[in-house]
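Novice: Before I ask anything, let me first share the structure, which is written out below as structure tokens.
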Amino acid sequence: MTRIFFGFLLAVVFVLNAAALSSSRLAAKSKLNLPATPYRYANVELPAHFKQPGAATHDNTPADNPLSDHGATLGRVLFYDTRLSANNTTSCGSCHVQAHAFADPKPSSKGFHGGLTDRRAMPLVNLRYYQRARFFWDERAGNLEEMVLLPIQNRLEMGQDLKRVVDTLARDAAYPGLFGRAFGDREITEQRIGKALAQFVRSIVSYQSRYDEGRAHAQSAHDDFENFTRQENRGKALFMRNCSTCHMKDGNEHFFVPTPANTGLRGDARTADGGVGDVTLRATDLGSFKSPSLRNVEVTAPYGHDGRFATLDALIDHYSDNPIFDPNLGYMIPVGPLTFTASEKVALIAFLNTLTDRTLLTDPRFSNPFVK
Amino acid sequence: MLTGVGLAAAQAPEGIRPAVLITTTPTTPPGAPRSLLAVIERVMSFDANKDLQLSRDELPERMQGIIARGDRNADGILDFEELRTLVNAAAAERTRVAFRREPSEGLPGVVRDLKLSPEKHERALAIVNAHKPASNVPDKLVRNVPAPQTIPLYKEMRLLLDDEEYENFVAATERLSKTAQVRMGIVQGIVGPSRR
């Protein structure tokens, strides 16, 4: 009996040691590589068209969490740290991929145990300028500081306990110093984790696309841009005529739709997703979803909350060719199918591709700081 | 039931192509919730054990916040009455966002969007201006738009533009006429209940 007991004890000790070793190996596999002087995240000089009258009101930065270089640096480290998941496998950056404007190129994202989400991981670009400051496809998060903590605790996505995260980070060699530089003292709290992650996400601002280059030399977004081809200017004209009422409301060049919208995607037998209506419990909100910014839309496929549109062609076809009858359709599709011709669709896509910001997609400020 | 194109076509004189695509409220697709009851039914569909109460385990994680919002007796469960109260309160809230359409530039705008060569652009503008309807934009064409090939404006544009340009010109004028319908408020049903 005693032999069996000691045998069992040995097995337990072996398993625990193996787990600890595995964890330490995970940590040892990668090394934090940060510049001696932090990258610049705060007070970045934005183009003039981001400073139009009223543009400041779109900034959702709260007074108690201003963007700082050290704060966003800490947020960047947290964003890519797999220890924020229950089994040290998944970070925010696992699904929000920089090369895809921080969206997931797959229709569903894989959680820490391999489970698949029923909605896509949204692009995280220019969220700082989403005026309503409500986040997720169903806008259930009331601010960015709250939003960034929810996937960490989600049972399918990262499955982690925030208290455990705090303990883990407190024992780490680098984090107390990073928190000290970001917040003035080395205390690590759940709230500070949220604030730092929110700062990093707010720093992800796309403003160096070919659109922005052309816009800098034009009086108005409606004018032809010197750096555009005829087809791109034609696509821009089509966009301004048929899409800008929603995607560029009041000349907002972050290309957000300012409120959730029902665009006829609700007939979705696969997920039966009520979107915003499942949160507000208003009948008229059923089937409404937040729309990501169109900036970098070229690299954020597939499209829609469930990734049902594999390509931009398929997405434009939805608005162009389908008569959409839905009792909850709002202001979005006031003229029914837009019936674009084949060459109009090509021109529209040519224009949308000018919104790609290659600098952002490779900017080291937003890259994974853990190097192997 | 006659709806949409069918009704408009039935009333249109011979040789006149109807532009009004939707003239009556479209039929509701099967299962489309339109009422408070539909919301309650939808949420209660998550009641796996059919006890008319919703626990956190029964709801998708993204919906679990509604328990905290509606759980008046703080038992950690949303019962049917609590849900009904919550849904009624939500329905009483009014939300509205005003969207202002870009001012229409009418047919000259359509020509401008084609991005023709300068010479062709000038000639196209001259044709459009020569055939300009009295009210600047083709609102007068809204209810009954003659087939393009029968209108002098289109005949002249057909001679000027290549196949692709002409196809795009026709498509844009059709969209313009539909937009005008919305401004005039004659498209019903397709603009949903949030437009109040």
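Bear in mind these aren't lab numbers, they're just calculated from the coordinates by the rules spelled out. Here the structure is a predicted model, which is why all the values come from computation and not from measurement. In this analysis, Cβ positions are derived from the backbone assuming ideal geometry, glycine residues included, and neighbour counts consider all displayed protein chains.
Novice: Considering every pair of different Cα atoms, what Kirkwood radius, in Å, is found for the stretch A:45-187?
Specialist: Evaluated over the stretch A:45-187, this radius sits at 16.5 Å.
Novice: In this model, which of A:Lys51/B:Lys178; A:Lys195/A:Lys372; A:Lys249/B:Lys120; A:Lys110/A:Lys372; A:Lys290/B:Lys178 are farther than 30 Å apart at the alpha-carbon?
Specialist: Over 30 Å apart, Cα to Cα: A:Lys51/B:Lys178; A:Lys249/B:Lys120.
Novice: Please state the charge dipole magnitude for chain A, taken about the Cα centre, from unit charges on C-beta atoms (+1 on K and R, -1 on D and E), reported in debye and rounded to the nearest 20.
Specialist: 1120
Novice: Gain in length, A:Thr61 to A:Thr341, computed as 0.36 nm per residue apart minus the alpha-carbon separation, to one decimal in nm?
Specialist: Taking 0.36 nm per residue and subtracting the Cα distance, the gain is 96.6 nm.
Novice: Tell me which lysines have Cα within less than 16 Å of A:Lys345's Cα, excluding those fewer than 8 residues away on the same chain?
Specialist: The reachable lysines, counting only those whose Cα sits under 16 Å from A:Lys345, are A:Lys236, B:Lys115.
Novice: For A:Lys163, go through the aspartates and glutamates and keep the ones whose alpha-carbon is under 14 Å away, minus same-chain ones fewer than eight residues off.
Specialist: Candidates past the 8-residue exclusion: A:Glu187, A:Glu190.
Novice: Is the stretch A:55-110 rounded, prolate or oblate when judged by the Cα gyration tensor, a ≥ b ≥ c being the square roots of its eigenvalues, rounded requiring a/c under 1.5 and prolate requiring a/b larger than b/c?
Specialist: Note, shape of the stretch A:55-110 comes out oblate.
Novice: While we're looking at this one, here's another question. In degrees between 0 and 90, to the nearest 10, how far off the longest principal axis of chain A does helix A:312-321 point, with axes built from Cα atoms?
Specialist: Between helix and principal axis, roughly 50 degrees.
Novice: Could you work out how far apart the two model spin labels at B:Glu105 and B:Gln64 are, taking each label as a point 7 Å from the Cα in the direction of the beta carbon, and quote it in nm?
Specialist: Placing both labels 7 Å beyond Cα along the Cβ direction yields 5.3 nm.
Novice: Just to be sure I understand the model, the point goes 7 Å from the Cα along the line to the Cβ. What's the resulting A:Arg186 to B:Asn88 distance in nm?
Specialist: Those two pseudo-labels are separated by 5.7 nm.
Novice: For the stretch A:118-175, divide the Cα radius of gyration by the Kirkwood radius and give the resulting Rg/Rh value with two decimals.
Specialist: The Rg/Rh ratio comes out at 1.05.
Novice: What percentage of all Cα-Cα pairs in the stretch A:149-207 are separated by more than 17 Å?
Specialist: Here the tail beyond 17 Å accounts for 45 percent of pairs.
Novice: Please list, or write none, the aspartates and glutamates whose alpha carbon is within less than 17 Å of the alpha carbon of A:Lys31, excluding same-chain residues fewer than 8 places away.
Specialist: A:Asp81, A:Asp172
Novice: I would also like to ask the following. Under the 0.36 nm per residue contour assumption, what length would be gained going from the current alpha-carbon distance of B:His131 and B:Arg56 to full extension?
Specialist: Working it through step by step, the gained length comes to 20.4 nm.
Novice: Here is a further query. Using all alpha carbons of chain A, what is the percent of pairwise distances in each 10 Å bin, ordered from the shortest bin to the longest?
Specialist: For chain A, the pair-distance distribution reads 5, 22, 31, 23, 12, 5, 2, 1, 0.
Novice: Using alpha-carbon pairs under 8 Å, 6+ residues apart, how would you state the relative contact order of the stretch A:26-168 in percent?
Specialist: 20
Novice: Using +1 on the beta carbon of Lys and Arg, -1 on that of Asp and Glu, and nothing else charged, what's the dipole of the stretch A:138-190 about the Cα centre, debye to 20?
Specialist: 240
Novice: Can you compute the FRET efficiency between B:Asp163 and A:Asp363 using 1/(1 + (r/R0)^6), with r the Cβ-Cβ distance and R0 = 56 Å? Round to the nearest 0.05.
Specialist: After rounding, the FRET efficiency stands at 0.80.
Novice: In nm, what is the difference between 0.36 nm times the number of residues separating A:Ser30 and A:Asp250 and their Cα-Cα distance?
Specialist: 74.6 nm
Novice: Compute the whole-percent fraction of alpha carbon pairs in the stretch A:177-279 spaced more than 17 Å apart.
Specialist: Taking all Cα-Cα pairs of the stretch A:177-279, the fraction more than 17 Å apart is 71 percent.
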